[in-house]
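Okay, so here's the structure we're looking at.
Just so it is clear, none of the values below were taken in a lab; they were calculated from the coordinates. None of these values were measured; they are calculated from a predicted model. As a convention, Cβ positions derive from the backbone with ideal geometry for all residues, glycine included, and neighbour counts pool all protein chains shown.
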Amino acid sequence: MEEAFHKAIIEDLQRFSAQLLDSIGHTKSQPLPSQIAQPISTISGALSAAEFLANSTPKLLGELRSHTLSYTQAVVRSPSPKGARIPREPWAYAKHGQTLAPTFWLAPAQEARPNPQPLRWLNHIMQKLRGQLQWFLKQGQKSYESLVEQEDDTYWGHQTRQEYKAMLDNIKRGSHQLSRALLDIERFFGQTLNASPHRPEPYPQGNTWRLLRRFERHWSNPLLTLPSYINECVIKPPDIADLPFLYQRWCILSLFKCLQQMGCVLQDNTQPLAWTIFLGGASELNHPVYGHIQIWVEPRITSNTHDSGLCTNEAQGQTPDIVINVQSQGSTESIILDPTLSQQTELLEQKGKYYRTLYRKENRKIAGVSVLKRPWRCWAIAPIKQSKCLLLADRDGKCGAIPMHPLVQQRSGLRDFMLDVFALTQLPTLST
C-alpha cells in the first residue's frame, strides 16, 4: 500500500474522531499508562499487554511468596501421629499381627503452598491474550503474503513489507514470552493449572498484583480505553502494524456514513456509534421506506444462536466483520461483509466461506423438511481502484467484492450494493 493510502485512512478517521469522542461524553483526563492506552483488540495494544504480563510474572510470583494471605496450608504424610490425623484410605493401612495400623499419618505442612486461585486467574488472562496474538499472527501472515504477491517495487512497497515482517516477528515474540511465563507459573505451583476467569477472593497483596487488577479491568472492559485510544489516533497516527484494523474501522465508518446519506437514522436507544465502530456490537437504524436495519460489528458466532440470529457449523466459531440484518418477505435476511487489504481474486473469494458455514434457524420447510437459511450475500470489501463492484466465484451474486479505496473519491459500489439490500426489503411477503 502506498503512503497516501495509509495517510488518507488516518485523516478520515481523525476527521470524525472529535465527533465520536463528543458522542461518548469524552473529557480530557490524564493519559493512561502505555500498557492500557489501547485496547487489546489492536496489535499494538495486545503486544504492550503481553510485554507487561511477561515482565511482571517474576514479581507476581515473588509477591505470592511474601504474602501468606495468598497461601493455603498443605497436608503431608508424617511417620509420627503427633499432631496428625489418621488417613481414611484403605490402602494406607498394613497388618501388624492381628491388627491393622496406618503406615503413615496426615499432618499439617510446615511450608505453605500457593493458593491456586490467583495463579489460575493469571493463567486465564495470559491464555486469552496469547490466543489473541495467535489470531493476529494468522491474519497478518495472510496480509503479508498478499503484499508479497503484489510485487510493489516502490520505496513505500519495500517499507510496508519490511514493517509487516517486523510486526509478525513482534507478534511471535510476544506469544513466546507469554508461553514462557505460563511455564514459569506451572513450575512455581508444581503441577498443571486449569485456567479460571474468576478474580481470586481474597485478592493477593502486593503492588504488582494491584497494578494487574487495574490493567485487567481495562483489558476486560475496552470502553474504558476507547476515549484514550481514539484520542491517540488523533494526536499520534498508529503504526502500519494496525493498518488492517484501521482499514476495517474505516470501512465500517464509511458504511454508516453511506446509510445515513441514503436516509437511515440511528435509533435513540442504540449504543453510540463510536462503541460499535471501535469496540463492536450492534447499532439499529430506521429508514422511512425500507424499515429497520441492524448492523453487527465483529459478532462472535458459535453453534449456539447469536443475538444476530446466526449460527455456525465451525467448531471453533467465526467472527465476520460486518453483519447486516434486514426484513424481507416476513423473515430476516443476513448480509455478510468482510473488509480485507488483499486484492487477490482467490483471497477475495475466500470470503464466500461464510455462505457455507453460517446459517439462520427458522421454521421454514421445503417438501416437509426443515431447511437452514444461509446468508443472502457474503462479500468482501477491498481497496480496489475502481468504482463498480466485482462478482466473484460463479458470478451468481452470492460472492463478490465492494471496492473501497480511500484515494478513489467515486465510491458508487457501496451505494449500489446497499440499493440491492434495500430492494430486498420491498419484496412482497410470502404467504404461508
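Taking 51 Å as R0, compute the FRET efficiency from the Cβ-Cβ separation of D307 and A109 and round it to 0.05. According to the calculation, E is roughly 0.55.
Considering all different alpha carbon pairs of the range 349-412, the Kirkwood hydrodynamic radius works out to 13.5 Å. For S387, no residue has an amide H sitting under 5 Å from its own, ignoring neighbours fewer than 5 places away on the same chain, with H placed 1.01 Å from N.
Most tightly packed first, judged by the mean number of other beta-carbon atoms within 10 Å of their residues, the peptides 203-215, 365-377, 47-59 read 47-59, 203-215, 365-377. Using C-alpha pairs under 8 Å with a sequence gap of at least 6, the mean separation divided by the residue count of the range 241-425 gives a relative contact order of 15 percent. Summing +1 for each Lys or Arg and -1 for each Asp or Glu among the other residues whose beta-carbon sits under 11 angstrom from that of L212 gives +4. Dipole magnitude for the range 241-425: about 340 debye, using +1 per Lys or Arg Cβ and -1 per Asp or Glu Cβ, origin at the Cα centre. Summing charges over neighbours of S254, with a neighbour being any other residue whose Cβ is under 11 Å away from its Cβ, gives +3 when K and R count +1 and D and E count -1. Using the Cβ-Cβ distance between R77 and N269 with R0 set to 56 Å, the FRET efficiency works out to roughly 0.30. Stretched out straight at 0.36 nm per residue, the stretch from S179 to D394 would grow longer than its current Cα-Cα span by 73.0 nm. Each label point was placed 7 Å from the Cα along the Cα-to-Cβ direction; for R65 and L419 their separation is 7.1 nm. Packing-based ranking of 408-421, 80-93 yields 408-421, 80-93, ordered from highest to lowest mean Cβ neighbour count within 10 Å.
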